[in-house]
């Protein structure tokens with residue numbers, strides 16, 4: 001925790017020359033206004049203005065004036081390996097000239113949903129994130145190629161894992177920034193890596209994801225590589241996930257913690273069951289936010305380690321939700337569908353809203369599934385009440401349009417601009433003739 005005078009003093013001690021005032025646009029792209037340190041005091045007072053009409057999904061040109069209000073808790077100085085000059089950063093909320101939060105600011109959207117959850121007793125929800133990405137080779141001009149930097153597999157080490165040093169430097173930079181990195185390793189696909197973060201409050205978790213993606217891209221470039229968070233860059237390999245582990249406040253008390261049974265399953269509190277039920281109920285609509293690009297749906301298909309059907313389990317390789325009990329932590333509700341192309345603030349907001357709806361309405365979760373869903377017939381899945389996740393972005397957009405709870409989480413401004421942009425993305429994709437089509441049909 002910092003106050004204004006402490007940040008000014010810290011900047012002087014560290015010899016900070018520039019400060020990045022950072023925020024995310026509606027589609028999860030990190031933006032910043034970089035100021036010389038001489039303007040830091042004005043920035044801390046929320047007096048730095050920018051043109052909001054230039055940011056996709058924000059406002060029209062006649063409503064362009066916006067202000068950046070830094071969250072003082074997010075002050076940090078980037079480590080020397082990260083930048084050439086001594087640079088610090090503050091993550092900001094976007095505000096209107098009259099001081100009100102901007103309705104299209106993803107961070108403010110998450111804060112609003114967190115406040116709603118607090119009113120229902122879920123004010124201390126914590127989240128741990130598993131962030132996956134690929135390290136790809138660059139061409140002679142420094143542009144990324146689709147070629148992974150190695151052919152390693154799950155938990156491989158050097159020399160098979162040729163990205164080990166790069167990944168280690170990313171982790172060291174994150175730790176120097178104060179993040180709790182629980183572990184890192186090579187993932188199943190060539191060039192694929194994972195960094196796991198410890199449990200923190202939900203707003204900090206979203207801040208950390210945004211920062212970690214920036215750090216991974218910056219450090220990998222110093223290694224002559226490109227870090228991509230594209231959900232499915234390699235056709236016949238597993239894609240990138242962003243598994244999110246939710247721990248509800250009541251579940252950390254010994255009285256409410258899951259209790260193991262002899263068959264390996266365990267009892268769950270009513271709060272956890274209802275939270276799971278809410279996530280399942282709103283799964284199709286929240287998928288539009290947690291998996292927001294056309295490429296996301298190349299990952300959510302059977303045969304790879306990603307969910308394609310809506311069910312939960314305590315021991316299953318590919319459920320939509322997996323629940324586990326860990327000593328000292330309690331019950332973890334793992335949402336396995338999100339991918340790292342999403343805006344973390346919006347993804348956490350809709351997931352929290354969905355679970356909250358389940359708790360507020362005392363929803364009943366269906367029984368967990370332990371059988372192989374992929375080997376079931378359509379009739380068997382229908383009989384078990386196991387639905388399919390959206391098959392593409394268009395289906396996800398239709399689900400979002402029909403779900404008032406998830407739309408309410410976003411707010412009318414964000415919903416309208418998000419859907420407008422994604423409909424255009426889908427239309428462009430539909431009109432594009434892809435290389436696969438050339439290979440299949442040019443000789444007709």
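The values are calculated or read from the model by the stated rules, or taken from the named source; none is laboratory data. Keep in mind the model is a prediction, meaning the values are calculated, not measured. Virtual Cβ from ideal backbone geometry, glycine too; neighbours counted across all protein chains shown.
Per this entry, residue 159 is counted among residues that are exposed (fewer than 13 other Cβ atoms within 10 Å of the Cβ) and more than 30 Å from residue 359 (Cβ to Cβ).
Against the condition closer than 17 Å to residue 200 by Cβ, surrounded by 16 or more Cβ atoms within 10 Å (Cβ to Cβ) and modelled with pLDDT under 90, how does residue 122 come out, does it pass? Outline the logic, then answer.
Numbers: closer than 17 Å to residue 200 by Cβ: yes; surrounded by 16 or more Cβ atoms within 10 Å (Cβ to Cβ): yes; modelled with pLDDT under 90: yes.
Judged against the criteria, residue 122 is a match.
Residues in the range 248-262 that are assigned to a loop (DSSP other than H, G, I, E, B) and touching a helix residue (DSSP H, G or I) at 6+ places or on another chain (Cβ under 7 Å) were compared, and the one that is modelled with the highest pLDDT is 248.
Any chance the range 56-67 includes a residue that's within 22 Å of residue 4 (Cα to Cα), crowded, with 20+ Cβ neighbours inside 10 Å and modelled with pLDDT of 95 or more? No: zero hits.
Yes/no matrix, rows are residues, columns are (1) exposed (fewer than 12 other Cβ atoms within 10 Å of the Cβ); (2) touching a strand residue (DSSP E or B) at 6+ places or on another chain (Cβ under 7 Å); (3) within 23 Å of residue 127 (Cα to Cα); (4) touching a residue at least 60 places away in the same chain (Cβ under 8 Å):
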| residue | (1), (2), (3), (4) |
| --- | --- |
| 396 | no, no, no, yes |
| 402 | yes, no, no, yes |
| 412 | yes, no, no, yes |
| 416 | no, no, no, no |
| 434 | yes, no, no, no |
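Taking helices (runs of 4 or more DSSP H) that fall entirely within the range 263-359, which contain at least 3 residues that are touching a helix residue (DSSP H, G or I) at 6+ places or on another chain (Cβ under 8 Å) and closer than 22 Å to residue 229 by Cα? Don't jump to the end; show me each part of the working.
On the way: elements: 270-281, 283-290, 296-299.
Helices (runs of 4 or more DSSP H) meeting the threshold: 283-290.
Annotation note: of 81, 10, the sole residue that is over 30 Å from residue 356 (Cα atoms), touching a residue at least 40 places away in the same chain (Cβ under 8 Å), touching a helix residue (DSSP H, G or I) at 6+ places or on another chain (Cβ under 7 Å) and surrounded by fewer than 17 Cβ atoms within 10 Å (Cβ to Cβ) is 81.
Could you tell me whether the range 175-183 includes any residue that is closer than 21 Å to residue 81 by Cα, assigned to a loop (DSSP other than H, G, I, E, B), without any contact (Cβ under 8 Å) to a residue 40 or more places away in the chain and in contact with a helix residue (DSSP H, G or I) (Cβ under 6 Å, 6 or more places away or on another chain)? Let's see the steps before the verdict.
We begin by selecting, within the range 175-183, every residue closer than 21 Å to residue 81 by Cα; these are 175-181, 183.
Subsequent filtering for residues that are assigned to a loop (DSSP other than H, G, I, E, B) retains 177-180.
Remaining after also requiring without any contact (Cβ under 8 Å) to a residue 40 or more places away in the chain: 179-180.
Still in the list and also in contact with a helix residue (DSSP H, G or I) (Cβ under 6 Å, 6 or more places away or on another chain): 179.
Yes, the range 175-183 contains at least one residue that is closer than 21 Å to residue 81 by Cα, assigned to a loop (DSSP other than H, G, I, E, B), without any contact (Cβ under 8 Å) to a residue 40 or more places away in the chain and in contact with a helix residue (DSSP H, G or I) (Cβ under 6 Å, 6 or more places away or on another chain).
Looking at the range 403-420 only, could you name the residues that are under 20 Å from residue 294 (Cα atoms) and more than 19 Å from the chain's Cα centre (by Cα)? 416, 417, 420, listed by residue number.
Counting only residues that are more than 17 Å from residue 378 (Cα to Cα) and in contact with a strand residue (DSSP E or B) (Cβ under 9 Å, 6 or more places away or on another chain), which one in the range 288-318 is surrounded by the fewest Cβ atoms within 10 Å (Cβ to Cβ)? Walk me through it before giving the result.
The first filter runs over the range 288-318 and keeps only residues more than 17 Å from residue 378 (Cα to Cα), leaving 288-300, 304-306, 312-318.
Now drop any that are not in contact with a strand residue (DSSP E or B) (Cβ under 9 Å, 6 or more places away or on another chain), which leaves 290, 312-316, 318.
On the way: 290: 24, 312: 24, 313: 19, 314: 21, 315: 12, 316: 19, 318: 19.
So, considering only residues that are more than 17 Å from residue 378 (Cα to Cα) and in contact with a strand residue (DSSP E or B) (Cβ under 9 Å, 6 or more places away or on another chain), the one surrounded by the fewest Cβ atoms within 10 Å (Cβ to Cβ) is 315.
Being without any contact (Cβ under 8 Å) to a residue 12 or more places away in the chain, closer than 30 Å to residue 411 by Cα and surrounded by 15 or more Cβ atoms within 10 Å (Cβ to Cβ), is that true of even one residue in the range 126-134?
Pass one, the range 126-134, residues without any contact (Cβ under 8 Å) to a residue 12 or more places away in the chain: none.
No, the range 126-134 has no match at all.
The set of residues from the range 366-383 being in contact (Cβ under 8 Å) with a residue 24 or more places away in the chain and surrounded by fewer than 17 Cβ atoms within 10 Å (Cβ to Cβ) comprises 366, 370, 374.
The residues in the range 384-405 that are within 20 Å of residue 357 (Cα to Cα), modelled with pLDDT of 95 or more and not in a helix (DSSP H, G or I) can be counted, and the count is 2.
Tell me which residues, restricted to the range 84-109, are loosely packed, with under 15 Cβ neighbours inside 10 Å and over 16 Å from residue 68 (Cβ atoms). Outline the logic, then answer.
Taking the range 84-109 first, the residues loosely packed, with under 15 Cβ neighbours inside 10 Å are 84-85, 97-100.
Within the range 84-109, 84, 85 meet the criteria.
When the range 84-123 is examined, which residues are found to be part of a helix (DSSP H, G or I) and in contact with a helix residue (DSSP H, G or I) (Cβ under 7 Å, 6 or more places away or on another chain)?
The answer is 106, 107, 109, 110, 111, 113, 114, 116, 117.
Applying the set (1) modelled with pLDDT of 85 or more; (2) buried (at least 18 other Cβ atoms within 10 Å of the Cβ); (3) assigned by TED's automatic domain parsing to the domain that holds residue 212 to residue 152 leaves exactly one unmet item: (1).
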